[in-house]
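Trainee: Please find one structure pasted underneath; my questions will follow.
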Amino acid sequence: MDKLLAFINGLVDEKQGDRRSELFTGFEHKVTRDEEANWLASRIVKSENGDSVNVVADVDGRIVANGQITRGHYRESRHHGELGLTVIGAYRGMGIGREIVKTLLYEASGIGLKRVDVEFLSTNKAAIHTYQKAGFVEIGRIPGKVYRNGKFLDSMIMVRGIPRKSSLSQSVSRT
C-alpha cells in the first residue's frame, strides 16, 4: 500500500512541477491512504471478476509504472477493453511501458477481450511510439479535451485487436 501511495502521489508532484507534463488526466491532488485502499480494493474485485487485468513495474522495491485494461461495462461491449498506463518520468524511455503493454495484451486475451483502445495526449510522442510498436493504430482525436496551463490539448485514441492468447508472443517478461 505504501509503495502504491508513493507512486500515485509522486505522479501528482511530477504533473504539478512540470507545466509541460505529458501525463493525461487526473493527478490533480494527492491521494490519501484511505482513497488508495478503496481504489486497490476495487481493482482487486474487478480483477477477480475478470473485468480487468493489472500490472505494476517495480525497480529496486519502488513501483515505477502501473498499467491496466478494464473491460467494457455493458453486455454489448464486454469484448472491448480500455488501457491505461503511467510510468514515472525518471523511468520513461527504458522499455518499461512497452513490456507492460505486452503483458497486458497477453493477459487481456486470457479474459476474452477482442479489442483494446487507449487514449492519451496527442502531444505525447513516446506514447504514440510505444502503442504503434504494439500494433495500435490511430482512429481519432478529441480536439481540446484537456485544458491545461491556459491551453486546450487534443487527446488521441488508438485501437488494436487482440489475437488469441496462444498467438501472442510468449516473450512476456515478468521480472
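Trainee: State all residues of the stretch 134-151 that are at pLDDT 95 or above and surrounded by fewer than 14 Cβ atoms within 10 Å (Cβ to Cβ); if no residue qualifies, say none.
Mentor: 137, 138, 139, 140, 141, 142, 143, 144
Trainee: Restricting the search to the stretch 136-147, which residues are touching a residue at least 60 places away in the same chain (Cβ under 8 Å) and more than 21 Å from residue 82 (Cβ to Cβ)?
Mentor: Result: no residue meets the conditions.
Trainee: Identify, please: which residue in the stretch 94-120 is open to solvent by 60 Å² or more (accessible area, probe 1.4 Å) and in contact with a strand residue (DSSP E or B) (Cβ under 9 Å, 6 or more places away or on another chain) and is, among those, farthest from residue 11 (Cα to Cα)?
Mentor: Only one residue tops the list, namely 114.
Trainee: In the stretch 32-53, what residues are out of contact with any Ser or Thr (no Cβ under 6 Å at 6 or more places or on another chain) and farther than 19 Å from residue 10 by Cα?
Mentor: Passing the criteria: 41, 42, 43, 44, 45, 47, 48, 49, 50, 51, 53.
Trainee: Could you check, for the stretch 100-116, whether at least one of its residues is assigned to a strand (DSSP E or B) and of a type outside the set (Val, Ile, Thr)?
Mentor: Yes, the conditions are met somewhere in the stretch 100-116.
Trainee: Any chance the stretch 143-160 includes a residue that's over 30 Å from residue 16 (Cα atoms) and of a type in the set (Lys, Arg)?
Mentor: Yes, there is a match, as at least one residue in the stretch 143-160 is over 30 Å from residue 16 (Cα atoms) and of a type in the set (Lys, Arg).
Trainee: Kindly provide the set of residues from the stretch 5-58 that are closer than 22 Å to residue 96 by Cβ, free of Cβ contacts under 8 Å to residues at least 60 places away in the same chain, assigned to a helix (DSSP H, G or I) and not acidic (Asp, Glu), ordered by number.
Mentor: Matches in the stretch 5-58: 5, 6, 8, 9, 12, 15, 17, 39, 40, 43, 47.
The values are calculated or read from the model by the stated rules, or taken from the named source; none is laboratory data. Bear in mind the structure is a predicted one, so any value in this text is a computation, not a measurement. A quick note on method: Cβ atoms are made from the backbone with ideal geometry, for glycine too, and the neighbour counts reach across all protein chains shown. Areas reflect the complete protein model, heavy atoms only, side chains present, ligands, DNA and RNA absent. Shrake-Rupley method; radii C 1.70, N 1.55, O 1.52, S 1.80 Å.
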